[in-house]
2 protein chains.
Amino acid sequence: MFEFEIHTRDGRARTASFATPHGTVQTPMFMPVGTQGSVKGISPQELKDVGSQMILGNTYHLMLRPGPELVAAHGGLPGFTAYPGPFLTDSGGFQVMSLGHMRKITEEGVTFKSHLDGSKVILTPERSIEVQEALGADVIMAFDECPPFPAEPEYIRRSLERTVRWLERCQAARTRGDQALFAIVQGGVHPELRELSLEQTLPFATPGFAIGGLAVGEAKEQMFPAVAFTAERLPEDKPRYLMGVGHPEDLIAGIALGVDMFDCVYPTRTGRFGYALTDRGRLNMNSSAPRRQLEPIDPQCDCYACLHYTRAYLAHLVRAEEMLAPRMLSLHNLRYLHRLVERARAAIEQGRFAQWALAWAKQYFSADIPAWFLTAVTLGQDSQRSILPPS
Amino acid sequence: MFEFEIHTRDGRARTASFATPHGTVQTPMFMPVGTQGSVKGISPQELKDVGSQMILGNTYHLMLRPGPELVAAHGGLPGFTAYPGPFLTDSGGFQVMSLGHMRKITEEGVTFKSHLDGSKVILTPERSIEVQEALGADVIMAFDECPPFPAEPEYIRRSLERTVRWLERCQAARTRGDQALFAIVQGGVHPELRELSLEQTLPFATPGFAIGGLAVGEAKEQMFPAVAFTAERLPEDKPRYLMGVGHPEDLIAGIALGVDMFDCVYPTRTGRFGYALTDRGRLNMNSSAPRRQLEPIDPQCDCYACLHYTRAYLAHLVRAEEMLAPRMLSLHNLRYLHRLVERARAAIEQGRFAQWALAWAKQYFSADIPAWFLTAVTLGQDSQRSILPPS
């Protein structure tokens, strides 16, 4: 169980399979987010159809509503949501910070007021594990604090050390043996703090490690050096998960640097806002041009929307505020990201990942390819050298 | 083309098949409404899966946005919406009355301001046919006025006589031979006005006739006698379409009285509001009871929602305002109505329609079965006698 078997390496990028109780997934992999027990607007059958493997559930939301007991009464998230594959739940830590009101962090845990009804809730490492055991995901996350950006280095240091103590309590609190607990490495964009977090976290030897504390407002020029620094210091033989990251260009840069797992609300959220992802960038279906275009969003795409609908029809639905529009654009965007990662896996297996990534980027960035992207791809080809800018 | 072949009769109720260029449909039949070119939240594949046959499109909405030219550029509604089966379009008359601003009715047609942008639009019988030919439905409707309820009998008389003159202009304006134009009988709830409309309309010998001007606010005790009176005077060998009607009990009463076709936004609209149709009445998924119920909405139902989800999960989605909730409840409600009509067809074919209808009603109306329903079913068993209350 939870065997992580690397199939191919191409520089730092790798393809692997990761075995979980609800099925074996192929990495690199993008995980759609089902915050409240559904990937917004998408059915489980459609998730399978677009190539989703593991789905992310949010402990904070599900704990507040409908409550872990009800999910457990369904046999956990697969029974509740009718998605029969693997799940990952976050710890609730990040969501408490971003959504809870009047939150107070102590050594014990976090006290906050629910964003739903203002009731007082306490989340501790023990409670997070208890809830995640009830939700029954295959991969569960250690309860951590994700400091905001920017934050004082001294605050980040105290926070990450507390996160390590919380990790120890998470491990001690577990009662189920069929869930993989992943630790989360913090440290912001500071190499010395990342180093400190790694030193204290790696000894826990969890079956996977997450890179946390990024994609919280810092520039990509700051984020990817931190990803590079952290990823290359994580164990080679365990999955690496870059949390909350999911723009197409971020997936490719992350894969280049040896990341295996990603999650983000981006494909469904941007779909609801009327945007469609393509190899030539993001298509704004709210604009007037697509309203007369009789071709599909992407003739290369095999999603239901691209196989059945013209841009003109979908743009009409967007304009008319028809529910089918966010549904179909979310579906297409999920398929786009899954297909992108499938293409990345194929390129790695053929030993031409960097070449493929640069060709993709040439199309995707209509102007110049940004330096941070080139650096990530270039660095990914070199399995020895690492860089980080002065923080 | 447009052959209407009656298979079985059981009192006034009958089963038949109706051949159209985009496929043969089985009647009695309920038609989902795709006002703006999509049945809200439902894909064409799902329409097929739940047993939809013919889909209704609204000429008023599609004429204003995206415009008939764009739909025609897709080869009509089947190409535009990717639903490959038969369509029916209304004439725009009813929608102009209910949605247009500052409308003015003259012999020529109706002038109104668009509800979208306030621009002045003129809809005439000729324009309605022109737009409906561009939309390309298999069945198109004559341009009519549907008077409000209540209305003065003298107004209804003048209106229905104008509607007959408009019918003549509609027939004259046609340029396509592959669409069936249905005439609409008006007359409100007044037998003498229904009689007058029938006298003037039947000579046009259109391939089908609609019963219009009902379900606009009158009581069911007024509506169904008018349906009975009109339906029995329509040609036996042509489809009868009761416009805008679609509550479960209304379908059964209408079928009893010899109606073949129905349409209504009810299943999708009530689904968006959180209600699920069942044989025991309408289930309010906004209430607290379903939140703890681990059974499906309806264990007899074979829709995706009932095969995969508990009431508790769906009630959670409703409460959390997740898009999957209106989608799944709309899907279930469509399947419920289609299955109801399928059961009605089977009962007619077995010569036990009244018996089946009363058994269904006993479950559906938790209290007493209303008199208007009993009257419709009883009257439907007698192919001679007809009644109408004094109007």
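The values are calculated or read from the model by the stated rules, or taken from the named source; none is laboratory data. Note that the structure is predicted; figures quoted are calculated from it, not measured. All Cβ positions, glycine included, derive from the backbone under ideal geometry; neighbour counts span all protein chains shown. The protein model used for the area step is the full one, side chains on, heavy atoms only, and it has no ligands, DNA or RNA in it. Shrake-Rupley method; radii C 1.70, N 1.55, O 1.52, S 1.80 Å.
Inside the stretch A:49-75, can you point out the residues that are in a loop (DSSP other than H, G, I, E, B), buried (at least 23 other Cβ atoms within 10 Å of the Cβ) and in contact with a helix residue (DSSP H, G or I) (Cβ under 7 Å, 6 or more places away or on another chain)?
Answer for the stretch A:49-75, where residues must be in a loop (DSSP other than H, G, I, E, B), buried (at least 23 other Cβ atoms within 10 Å of the Cβ) and in contact with a helix residue (DSSP H, G or I) (Cβ under 7 Å, 6 or more places away or on another chain): A:Ser52, A:Pro66.
Mind listing just one residue for me: the one in the stretch A:295-324 that is of a type in the set (Val, Ile, Thr) and more than 10 Å from chain B (Cβ to nearest Cβ) and, of those, least open to solvent (accessible area, probe 1.4 Å)?
A:Ile297
Just wondering, is there one or more residues in the stretch B:269-291 that are without any contact (Cβ under 8 Å) to a residue 40 or more places away in the chain and within 9 Å of chain A (Cβ to nearest Cβ)?
Yes, that holds for at least one residue.
Go through the stretch A:76-114 and give me each residue that's in a helix (DSSP H, G or I), small (Gly, Ala, Ser) and within 14 Å of chain B (Cβ to nearest Cβ).
Within the stretch A:76-114, A:Gly79 is the sole residue that qualifies.
Can you confirm whether B:Thr15 is polar (S, T, N, Q), outside any helix (DSSP H, G or I) and within 12 Å of chain A (Cβ to nearest Cβ)?
No.
Checking B:Val39 against (1) within 16 Å of the chain's Cα centre (by Cα); (2) among the aliphatic types (A, V, I, L, M); (3) in a helix (DSSP H, G or I), which single condition isn't satisfied?
(3)
Does A:Ala205 satisfy the criteria of being in the same structural domain as A:Phe229 (by TED's automatic domain parsing), among the hydrophobic types (A, V, I, L, M, F, W, C), under 23 Å from A:Glu133 (Cα atoms) and in contact (Cβ under 8 Å) with a residue 40 or more places away in the chain?
For A:Ala205, the condition - in the same structural domain as A:Phe229 (by TED's automatic domain parsing), among the hydrophobic types (A, V, I, L, M, F, W, C), under 23 Å from A:Glu133 (Cα atoms) and in contact (Cβ under 8 Å) with a residue 40 or more places away in the chain - is not met.
Determine which member of the set A:Arg345, A:Arg327 is under 20 Å from A:Lys48 (Cα atoms) and either open to solvent by 10 Å² or more (accessible area, probe 1.4 Å) or free of Cβ contacts under 8 Å to residues at least 60 places away in the same chain (or both).
Details: A:Arg327 fails: either open to solvent by 10 Å² or more (accessible area, probe 1.4 Å) or free of Cβ contacts under 8 Å to residues at least 60 places away in the same chain (or both).
Exactly one residue qualifies, and that residue is A:Arg345.
From the set of residues in the stretch A:125-160 that are in contact with an Asp or Glu (Cβ under 6 Å, 6 or more places away or on another chain) and open to solvent by less than 70 Å² (accessible area, probe 1.4 Å), which is nearest to A:Leu64 (Cα to Cα)?
If we take residues in the stretch A:125-160 being in contact with an Asp or Glu (Cβ under 6 Å, 6 or more places away or on another chain) and open to solvent by less than 70 Å² (accessible area, probe 1.4 Å), then A:Met141 is nearest to A:Leu64 (Cα to Cα).
When you scan the stretch A:165-174, do you find a residue that is surrounded by fewer than 24 Cβ atoms within 10 Å (Cβ to Cβ) and in contact with a Lys or Arg (Cβ under 6 Å, 6 or more places away or on another chain), even just one?
No: the stretch A:165-174 contains no residue that is surrounded by fewer than 24 Cβ atoms within 10 Å (Cβ to Cβ) and in contact with a Lys or Arg (Cβ under 6 Å, 6 or more places away or on another chain).
Taking A:Pro239 and the conditions (1) at positive phi; (2) buried (at least 24 other Cβ atoms within 10 Å of the Cβ); (3) of a type outside the set (A, V, I, L, M), which numbered condition does it fall short on, given that it satisfies the others?
(1)
Testing A:Ser366 on (1) outside the structural domain of A:Cys306 (by TED's automatic domain parsing); (2) in contact (Cβ under 8 Å) with a residue 24 or more places away in the chain; (3) part of a helix (DSSP H, G or I), one condition comes back false. Which one is that?
(3)
Could you check A:Glu195 against (1) over 25 Å from A:Gln132 (Cβ atoms); (2) open to solvent by 50 Å² or more (accessible area, probe 1.4 Å); (3) in contact with a Phe, Trp or Tyr (Cβ under 7 Å, 6 or more places away or on another chain) and say which number it fails?
Condition not satisfied by A:Glu195: (3).
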